[in-house]
1. Can you spot a residue in the range 4-13 that is surrounded by 14 or more Cβ atoms within 10 Å (Cβ to Cβ) and within 18 Å of PRO249 (Cβ to Cβ)?
2. Would you mind stating whether GLU320 is within 15 Å of VAL283 (Cβ to Cβ) and either touching a Lys or Arg at 6+ places or on another chain (Cβ under 7 Å) or among the acidic types (Asp, Glu) (or both)?
3. So for the range 234-254 (the condition being farther than 16 Å from GLN35 by Cα and open to solvent by 20 Å² or more (accessible area, probe 1.4 Å)), does at least one residue qualify?
4. What are the residues in the range 207-228 that are in contact (Cβ under 8 Å) with a residue 60 or more places away in the chain, closer than 23 Å to GLY28 by Cα and either open to solvent by 10 Å² or more (accessible area, probe 1.4 Å) or hydrophobic (A, V, I, L, M, F, W, C) (or both), if any?
5. Here are some conditions: (1) more than 30 Å from GLU54 (Cβ to Cβ); (2) open to solvent by less than 70 Å² (accessible area, probe 1.4 Å). ILE354 meets all but one. Which one does it not meet?
6. Restricting attention to the range 107-149, which residues are under 25 Å from MET193 (Cβ atoms), over 22 Å from the mean Cα position of the chain (by Cα) and polar (S, T, N, Q)?
Amino acid sequence: MLPEVPARPLAARRKSRAIQVGPVTVGGGAPVSVQSMTTTRTSDVGATLQQIAELTASGCQIVRVACPTQDDADALAVIARKSQIPVIADIHFQPKYVFAAIDAGCAAVRVNPGNIKQFDDKVREIAKAASEAGTPIRIGVNAGSLDRRLLQKYGKATPEALVESALWEASLFEEHGFRDIKISVKHNDPVVMVNAYRLLAARCDYPLHLGVTEAGPAFQGTIKSAVAFGALLSEGIGDTIRVSLSAPPVEEVKVGLQILESLNLKQRRLEIVSCPSCGRAQVDVYKLADQVTAGLEGMEVPLRVAVMGCVVNGPGEAREADLGVASGNGKGQIFVKGEVIKTVPESKIVETLIEEAMKIAARMAAE
Ligand code: SF4
């Protein structure tokens, strides 16, 4: 008999100080939050608020908006007031927009010290304004815009260079007694990024915003982010996440939520357990899984639905799930909580699963 191997949970969350981004606590053991960023012109208030509403509906908890022009800065007050989730202004190059964002009531401001000229001289004023308004600052270091001094010192954006940049800027704020800070050290290479965050986590107690920058189109970006966030979060590192995809921001939120659910850092909602299909399949598993997923999209209750192609693993998986189908001979055996409740023709499998899922959801909601 094999020796018993105890199940190892994820590492305990790293102890970080808590900051308040509007009503969302980041750090201090608070649940890991999911962020995204709008792609509209921020000065187009209607379009930006519309996109924020879509992000909110998809489960986004904090949203960032770009602020490259005075028109964008002028729009911040209305956007911050009308958004249902906290708004962070993203500032590059122009320190004057940092003050505008604080005045506009943004829940936080992200600054990129690498590309704000004479940023160090401005820190005292920024710390004073942010402190008076109770506005936290994210020091957002990015491999693509690393401080030139550090680029020369290290030759490229190494984990040490990213971390040194972030901690140098944090120390400037600390000199003025300002510690309402979170930090990100993003790189497009997940290995460099993971090492940078590990180093940073060991050197400070600020909450950390995880991100693989310029992660790429949806498929590649999803994999890079899942691998990097999975490694860090399983070590207890990370207080808020943003998946960066060359895809609509709602997709970023879906991926972010799925990463947290997969690690049990967020309660799982709909989970489709479907087999990859093989030469034994007696039904089109891909189509069936897609149709069931689409039919149950948006379901908020935790529900595990098994969609299996044949009787090899089908009954076993279907029995373990809340709801499932094991297909064979043009028919589907429908399981609810481990019991076969009926057998339906293949053409009725999807509608029967959706019907039964609705019944289970209604029972759960009533409990
Ligand atoms: Fe193949 Fe059946 Fe396993 Fe699906 S459940 S992968 S069809 S053996």
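1. Of the range 4-13, the ones surrounded by 14 or more Cβ atoms within 10 Å (Cβ to Cβ) are 13.
From what is left, the residues that are within 18 Å of PRO249 (Cβ to Cβ) are none.
No, every residue in the range 4-13 fails to be surrounded by 14 or more Cβ atoms within 10 Å (Cβ to Cβ) and within 18 Å of PRO249 (Cβ to Cβ).
2. On the way: within 15 Å of VAL283 (Cβ to Cβ): no; either touching a Lys or Arg at 6+ places or on another chain (Cβ under 7 Å) or among the acidic types (Asp, Glu) (or both): yes.
When the stated conditions are applied, GLU320 does not pass them.
3. Of the range 234-254, the ones farther than 16 Å from GLN35 by Cα are 234-237.
Restricting the remaining residues to those that are open to solvent by 20 Å² or more (accessible area, probe 1.4 Å) gives 234-235.
Among the residues of the range 234-254, at least one is farther than 16 Å from GLN35 by Cα and open to solvent by 20 Å² or more (accessible area, probe 1.4 Å), which makes the answer yes.
4. Applying the first criterion (in contact (Cβ under 8 Å) with a residue 60 or more places away in the chain) to the range 207-228 yields 207-209, 213-214.
Subsequent filtering for residues that are closer than 23 Å to GLY28 by Cα retains 207-209.
The one that is in contact (Cβ under 8 Å) with a residue 60 or more places away in the chain, closer than 23 Å to GLY28 by Cα and either open to solvent by 10 Å² or more (accessible area, probe 1.4 Å) or hydrophobic (A, V, I, L, M, F, W, C) (or both): LEU208.
5. If we test ILE354 against (1) more than 30 Å from GLU54 (Cβ to Cβ); (2) open to solvent by less than 70 Å² (accessible area, probe 1.4 Å), just (1) comes out false.
6. Once the filter is applied, which keeps residues that are under 25 Å from MET193 (Cβ atoms), over 22 Å from the mean Cα position of the chain (by Cα) and polar (S, T, N, Q), the range 107-149 yields ASN115, SER145.
Let's see how each residue does on (1) surrounded by 21 or more Cβ atoms within 10 Å (Cβ to Cβ); (2) within 18 Å of the chain's Cα centre (by Cα); (3) at positive phi:
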site: GLU54; (1), (2), (3): no, yes, no
site: SER58; (1), (2), (3): no, yes, no
site: GLN61; (1), (2), (3): yes, yes, no
site: VAL65; (1), (2), (3): yes, yes, no
site: GLN70; (1), (2), (3): no, no, no
site: ALA73; (1), (2), (3): yes, no, no
site: PRO86; (1), (2), (3): yes, yes, no
site: ALA104; (1), (2), (3): yes, no, no
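So that you can scan it fast, the table gives a plain yes or no per residue for (1) at pLDDT 95 or above; (2) away from the ligand (no atom under 16 Å from the Cβ); (3) farther than 30 Å from ASN313 by Cβ:
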| site | (1), (2), (3) |
| --- | --- |
| GLY230 | yes, yes, no |
| ILE237 | yes, yes, yes |
| ARG242 | yes, yes, yes |
| GLU252 | yes, yes, yes |
| LEU257 | yes, yes, no |
| SER262 | no, yes, no |
| GLN267 | no, yes, no |
| ILE272 | no, no, no |
| CYS275 | no, no, no |
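The values are calculated or read from the model by the stated rules, or taken from the named source; none is laboratory data. Fair warning: this is a prediction, and the values are worked out from it, not measured in the lab. Cβ coordinates were reconstructed from backbone atoms using ideal geometry, including for glycine residues, and neighbour counts include every protein chain displayed. Just so you know, the surface numbers come from the protein's heavy atoms only, side chains and all, with ligands and any DNA or RNA stripped out. Shrake-Rupley method; radii C 1.70, N 1.55, O 1.52, S 1.80 Å.
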